[in-house]
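In what follows, a single structure is set out as structure tokens and then discussed.
The values are calculated or read from the model by the stated rules, or taken from the named source; none is laboratory data. This structure is a prediction, so every number in the text was calculated from the model and none was measured. Neighbour counts are summed over all protein chains in view; Cβ atoms, including those assigned to glycine, are modelled from backbone coordinates with ideal geometry.
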Amino acid sequence: MKNKIIYTILIFLTITKFSNASDGYDLWLGYHKINNASLKTNYKKIFSSIYLKDVQKNATIKLIKKELTWASKLMIEAAPLFTTDSNNASILFRIDEQNKDINEEGYGIKAWTKNSKNGVVVYAKNEVGLLYGCFALLRAMQMQEDLKTINTISSPTLKIRMLNHWDNINRTIERGYAGNSIFNWHTLPDYIDKRYIDYARANASIGINGTVVTNVNANALFLTPEYLLKVKALADAFRPFGIKIYLTARFSAPIEIGNLKTADPLDSAVIKWWADKAKEIYDLIPDFGGFLVKANSEGQPGPQNYDRTHADGANMMAAAVAPFKGIVIWRAFVYSNETPEDRVKQAYNEFKPLDGKFSKNVLVQIKNGPLDFQPREPFHPLFGAMPKTPEVLEFQITQEYLGQSTHLVYEAPMFKEILESNINATQKVVDVLEHSNNELTGISGVANIGSDINWCGHPVGQANWYAFGRLAWNPHLNANEIAKEWIQQTWSHDEKVIDTIQQIMMASYENMVKYMTPLGLHHIMGNGHHYGPMPWGNTLNREDWNPVYYHKSDSYGVGFNRSISGSNAIAQYDPFVQNKWKDSSTCDEKFLLWFHHISWKHKMKNGNPFWDELCYQYNEGVNGVRKMQKQWQSISMHIDEDQHHQVKQLLQIQLNDAIWWRDACLQYFQTFSKLPLPKGYPLPAHDLKYYQSLNFPFAPGNGK
Ligand code: GCV
């Protein structure tokens with residue numbers, strides 16, 4: 001009897017221990033088997049007669065058929081049947097150009113019941129809309145929704161939903177932590193890697209409709225005829241998925257590949273060069289999206305080299321692509337080599353006066369915060385400050401400053417924090433993006449995708465790609481819900497697994513902020529590669545590349561005074577926002593050291609002296625990782641062993657790193673505060689000198 005029980009338990013464990021074995025390549029599109037019997041029966045019924053028009057004629061419709069076939073075989077273990085009789089189909093895909101409830105890219109899914117038969121209609125204005133509808137239907141099935149009651153209408157409010165790859169011609173990736181670039185320029189155009197198709201499919205499944213395949217630190221060679229043919233091959237592969245291709249444009253390209261003596265945007269030969277180049281591109285790729293430009297930033301060439309403004313440069317390129325309905329996305333990530341001004345003020349100072357001076361087809365792309373993708377930044381003051389200019393929000397999905405691909409950090413809560421930030425009493429960042437006066441609206445994310453088998457390095461890194469896409473489609477979605485969707489599609493239908501991973505993910509962002517840069521600290525990472533703590537860093541030539549510039553520790557306290565008595569960066573915000581942050585005694589404490597130089601003895605809102613609170617926060621961050629480890633361990637019997645093991649190992653690295661961050665930072669700041677660690681906290685394993693001696697010349701992501 002006893003043996004029988006043990007045997008039964010073992011069988012049970014083997015079965016529940018997951019049929020979803022996966023190396024992560026399938027992303028959220030693995031279509032795991034539906035175990036709920038009644039749902040499965042109904043899904044089977046309605047998959048037994050699907051009507052799709054123009055399968056032979058239209059490449060996107062062909063993709064829908066393929067996706068349905070694939071998903072059906074995996075989820076319900078039956079091949080779907082397709083019918084040519086639209087009257088008797090249980091799933092009807094219908095183009096409805098006149099539908100007023102959806103926009104150009106939107107879709108609707110509606111259940112119907114007739115004579116005890118049920119089914120769904122998926123409708124959209126065009127084929128790509130139907131593809132989005134198809135993915136939404138399959139997502140609903142993965143979420144085990146009852147298709148007898150489904151009734152969804154969804155239209156994206158942002159027109160440009162794009163990934164920015166910082167991928168180089170030699171396949172290295174600047175700030176990439178998941179292997180090489182997936183774009184193999186050497187074998188293009190003749191070889192279309194399956195990865196390109198799988199990449200486009202994954203993007204389409206979450207509504208991403210644009211991709212910039214080249215680094216913003218641009219290489220002019222991409223604009224040569226040889227490379228444009230390669231770009232065309234990619235564009236052709238992506239088109240059926242509704243994805244447009246964009247390129248970064250090196251401002252000095254007319255000199256580098258055009259034999260001109262200047263790249264001055266007002267020079268007639270330069271103007272002609274770009275116009276000809278645009279025509280050459282559009283002859284090859286009629287739906288080419290346009291150019292993304294980083295100019296006069298971190299050593300990149302730009303119009304200021306010729307005493308022209310950003311608007312002069314952007315408008316010249318915009319004129320070149322305008323005849324083909326192309327656009328120019330001009331980045332506002334600028335700060336000067338020479339100006340001693342607080343770095344976070346510079347983009348606003350340069351761009352605000354240019355509002356109204358950009359051509360109609362120019363958008364200005366602004367990072368989420370005014371510095372550089374720190375673990376936590378206040379929103380960028382340029383949002384809403386250029387009412388005559390369409391503004392695109394740039395997030396960084398790749399975890400340059402967020403532990404790279406060894407830390408589990410779910411970014412949706414960070415994305416939401418920015419989107420939901422009030423820029424004034426009545427408007428949020430998301431309102432600025434959605435209600436831009438111009439019909440151009442957009443959002444972009446710096447991709448975390450590489451050639452690693454699971455695409456993103458950390459198995460949970462995929463969730464950030466997924467969440468970015470879902471929020472780009474609908475910025476009002478909730479981070480928790482998105483996490484649930486991703487887990488359920490990627491890992492398991494098991495409630496315990498879903499719940500546990502969801503808890504881990506939802507706590508992970510705040511937790512990382514605590515062990516890296518709590519209470520508004522920023523840019524105290526290792527020089528260059530940005531991995532690990534280096535608050536003592538003061539050796540780089542540029543003052544504002546050095547951590548000491550940002551925390552300004554001294555015997556009095558710590559933090560960058562950006563209030564009226566300091567750099568007054570706070571003045572760049574609306575008075576409504578200023579009121580929340582301008583006074584150190586009332587300032588939202590998550591931004592305390594961002595805006596204020598705070599005494600080590602400053603009294604926090606909870607009554608703690610500042611130094612104690614800093615120690616508490618760092619320790620809480622470490623404890624948070626320990627908690628994640630425990631939670632992860634609790635589901636070890638319910639998910640794929642290899643994947644469980646991968647995350648387990650990474651969590652150990654994350655814990656070691658969190659301890660390293662805490663011990664290095666607290667000891668360093670202690671040299672100024674001269675205060676003891678509050679009782680009960682562990683003593684660091686090493687002295688400060690040890691942490692200062694560590695260096696990582698081969699840390700990834702330099703991307704040269
Ligand atoms: C592509 C930061 C990164 C750079 C990046 C730059 C940018 O400074 O460290 O690698 O360059 O941002 O956004 O242009």
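Structure notes:
- Hits in the stretch 532-572 (condition: crowded, with 22+ Cβ neighbours inside 10 Å, within 30 Å of the chain's Cα centre (by Cα) and not in a helix (DSSP H, G or I)): PRO533, MET534, PRO535, GLY559, PHE560, ARG562
Every residue, every condition in (1) among the aliphatic types (A, V, I, L, M); (2) touching a Cys at 6+ places or on another chain (Cβ under 9 Å); (3) under 20 Å from ASN454 (Cα atoms); (4) surrounded by fewer than 19 Cβ atoms within 10 Å (Cβ to Cβ), yes or no:
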{"position": "LYS627", "(1), (2), (3), (4)": "no, no, no, yes"}
{"position": "GLN631", "(1), (2), (3), (4)": "no, no, no, yes"}
{"position": "MET637", "(1), (2), (3), (4)": "yes, no, no, yes"}
{"position": "GLN649", "(1), (2), (3), (4)": "no, no, yes, yes"}
{"position": "ALA658", "(1), (2), (3), (4)": "yes, no, no, no"}
{"position": "ARG662", "(1), (2), (3), (4)": "no, yes, no, no"}
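- Among the candidates PHE595, PHE669, residue that is aromatic (Phe, Trp, Tyr), in contact with a strand residue (DSSP E or B) (Cβ under 7 Å, 6 or more places away or on another chain) and surrounded by 18 or more Cβ atoms within 10 Å (Cβ to Cβ): PHE669
- Residue ID - farthest from the ligand (Cβ to nearest atom), chosen from residues in the stretch 172-197 that are touching an Asp or Glu at 6+ places or on another chain (Cβ under 8 Å) and among the hydrophobic types (A, V, I, L, M, F, W, C): ILE182
- Residue count, the stretch 391-405 (criterion: near the ligand (Cβ under 10 Å from one of its atoms) and among the acidic types (Asp, Glu)): 2
- Under the condition of being of a type in the set (A, V, I, L, M), under 34 Å from the mean Cα position of the chain (by Cα) and not in a helix (DSSP H, G or I), the residues counted in the stretch 247-265 number 4.
- Residue under evaluation THR248, criteria (1) closer than 12 Å to ALA320 by Cβ; (2) touching a strand residue (DSSP E or B) at 6+ places or on another chain (Cβ under 9 Å); (3) among the hydroxyl-bearing types (Ser, Thr, Tyr), criterion not met: (1)
- Across the stretch 479-498, not a single residue is classified as closer than 30 Å to TRP594 by Cα and at pLDDT below 95.
- Screening SER205 with (1) in contact with a strand residue (DSSP E or B) (Cβ under 9 Å, 6 or more places away or on another chain); (2) within 30 Å of ASN118 (Cβ to Cβ) gives one miss only, at (1).
- Flag for ALA235 being assigned to a loop (DSSP other than H, G, I, E, B), buried (at least 21 other Cβ atoms within 10 Å of the Cβ) and touching a residue at least 12 places away in the same chain (Cβ under 8 Å): no
- Verdict on LEU471 being within 17 Å of the chain's Cα centre (by Cα) and without any contact (Cβ under 8 Å) to a residue 24 or more places away in the chain: no
- For the stretch 534-575, a residue qualifies if it is farther than 24 Å from GLU338 by Cα and in contact with a strand residue (DSSP E or B) (Cβ under 7 Å, 6 or more places away or on another chain), and the qualifying residues are MET534, TYR556, GLY557, VAL558.
- Given (1) out of contact with any Cys (no Cβ under 8 Å at 6 or more places or on another chain); (2) under 30 Å from ALA425 (Cα atoms), number of the condition TRP581 does not satisfy: (1)
- Evaluation of VAL121 against (1) within 16 Å of the ligand (Cβ to nearest atom); (2) more than 29 Å from the chain's Cα centre (by Cα) (one fails), failing number: (1)
- Qualifying residue in the stretch 390-411 (condition: surrounded by fewer than 22 Cβ atoms within 10 Å (Cβ to Cβ), assigned to a helix (DSSP H, G or I), in contact (Cβ under 8 Å) with a residue 60 or more places away in the chain and not acidic (Asp, Glu)): yes
- Summed over the stretch 672-704, the residues that are in a helix (DSSP H, G or I) and either touching a residue at least 60 places away in the same chain (Cβ under 8 Å) or surrounded by 14 or more Cβ atoms within 10 Å (Cβ to Cβ) (or both) give a count of 5.
- Restricting the stretch 119-164 to residues that are surrounded by fewer than 24 Cβ atoms within 10 Å (Cβ to Cβ) and among the basic types (Lys, Arg), the residue that is farthest from PHE468 (Cα to Cα) is LYS148.
- The lone exception for LYS388 - which of (1) under 27 Å from ILE449 (Cα atoms); (2) away from the ligand (no atom under 16 Å from the Cβ) it fails: (1)
- Index of the failed condition, ASN217 passing every other in (1) surrounded by fewer than 24 Cβ atoms within 10 Å (Cβ to Cβ); (2) closer than 17 Å to GLU280 by Cβ; (3) within 16 Å of the ligand (Cβ to nearest atom): (2)
- In the stretch 491-518, the residues that are over 22 Å from VAL446 (Cα atoms), assigned to a helix (DSSP H, G or I) and hydroxyl-bearing (Ser, Thr, Tyr): THR500, TYR515
- Figure legend. Inter-residue proximity from the stretch 148-161: first residues of a type in the set (Gly, Ala, Ser), second residues part of a strand (DSSP E or B) and at pLDDT 95 or above, beta-carbon distance below 7 Å, spacing 6+ or different chains. Indicated pairs: SER154/TYR107.
Residue-wise test of (1) of a type in the set (Val, Ile, Thr); (2) closer than 21 Å to ASP146 by Cβ; (3) surrounded by 16 or more Cβ atoms within 10 Å (Cβ to Cβ); (4) in contact (Cβ under 8 Å) with a residue 40 or more places away in the chain.
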{"position": "LYS40", "(1), (2), (3), (4)": "no, yes, yes, no"}
{"position": "SER49", "(1), (2), (3), (4)": "no, yes, yes, yes"}
{"position": "LYS57", "(1), (2), (3), (4)": "no, no, no, no"}
{"position": "LYS62", "(1), (2), (3), (4)": "no, no, yes, yes"}
{"position": "LYS65", "(1), (2), (3), (4)": "no, no, yes, no"}
{"position": "PHE93", "(1), (2), (3), (4)": "no, yes, yes, yes"}
